[in-house]
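Take a look at the structure below.
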Amino acid sequence: MIRAAFAAAKSLKRDFGEVEHLQVSEKGPGDFVSRADLQAERTLRAELARTRPEYGFLGEEGGETRGDGRNRWIADPLDGTTNFLHGVPHFAISLALERDGEIIAGVIYQPISDELFWAEKGNGAFIDTPNARSRRLRVSGRKELARALVATGIPHIGRGDHPDYLRRLETAMGRTAGIRRWGAASLDLAFVAAGRFDAFFEFGLAPWDVAAGLLLVREAGGMVADVAGQPYALGSPSLLATNASLRDAMVEALK
């Protein structure tokens, strides 16, 4: 999985340096797909098929390929496409392995910062950086919402219930130390796992946005639910990731 992510990152880094020359086509209001996005997914598929040809594949751009019925890769080849196309260096490759309906391995790679977040079910979550390898990740230990830094995803044109979101955001703003919107859900989840963010919430996320990040948060000691505090399943309308101490307070704030 890591080798596949690194292979896909090579073309992304090259194209990011030439972002103004990318051939870009719209696939919906405020939602773009680029040649870089498609090429990264093709690379992921090819690299993974070399060693696990029998596995299925679910990707944002290329749809689903049926496999052996037990194992499925879930991939977002370029999470943060809008950032990428505007020259904002905050985007990632997200790749997860689902076995019998359960996420058992996840990789999130940020090509620009060269940070690799990875996790295996039951074996913990880790980060590799240019200066350190296999450092164990732990969610933050903050217990007071007033000291918490919270990440979110703000709905844009054509997506989501804007008035409903703003009501929830207003309450969260009034109870926390700060709200951040960085535009890449996979990295928001990775940052919760790393203790950089204390919580993250968003609505309308797809399985490829969150599959790897869910495992990272859980293996780092965090909790994942929907905004009502109910169990989260891939494709649920909302997602809330926190440490254990802040879960109930965040549910109350977002109610």
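General remarks:
- Point-to-point label distance, Val19-Met173, nm (Cα→Cβ direction, 7 Å offset): 2.6 nm
- Here the accessible area of the range 106-199 is 47 percent carbon and sulfur, with a 1.4 angstrom probe and all protein chains present.
- Most mobile listed residue (Glu60, Glu219, Glu18) in the chain, GNM with C-alpha springs under 10 Å: Glu18
- Candidates Thr65, Thr82, Thr43, ranked by Gaussian network fluctuation over the chain, Cα under 10 Å, top entry: Thr65
- Rounded to the nearest 20, the Cβ-based charge dipole of the chain about its Cα centre (Lys and Arg +1, Asp and Glu -1) stands at 720 debye.
- Modelled spin labels at Arg99 and Arg180, positioned 7 Å past Cα toward Cβ, are 3.3 nm from each other.
- Across the options Gly222, Gly153, Ala36, the greatest Cα extent toward the positive end of the charge dipole of the chain (unit charges at beta carbon of Lys, Arg, Asp, Glu) belongs to Gly222.
- Aspartates and glutamates with Cα under 20 Å of Lys255, excluding same-chain neighbours fewer than 8 positions away: Glu144, Asp161, Asp164, Glu170, Asp198, Glu202, Asp226
- Of the options (i) 47, 40, 38; (ii) 78, 48, 42; (iii) 56, 45, 36, only one is Cα extents along the principal axes in Å as computed from these coordinates, and that is (i).
- Alpha-carbon centroid distance for the pair the range 57-72 / the range 144-217, whole angstrom: 27 Å
The values are calculated or read from the model by the stated rules, or taken from the named source; none is laboratory data. Computed from a prediction, not measured in an experiment: that's the story for all the values here. Glycine gets a Cβ as well: all are built from the backbone with ideal geometry, and neighbour counts include every protein chain shown. Just the protein is used for accessible areas: all its heavy atoms, side chains included, with ligands, DNA and RNA removed. Shrake-Rupley method; radii C 1.70, N 1.55, O 1.52, S 1.80 Å.
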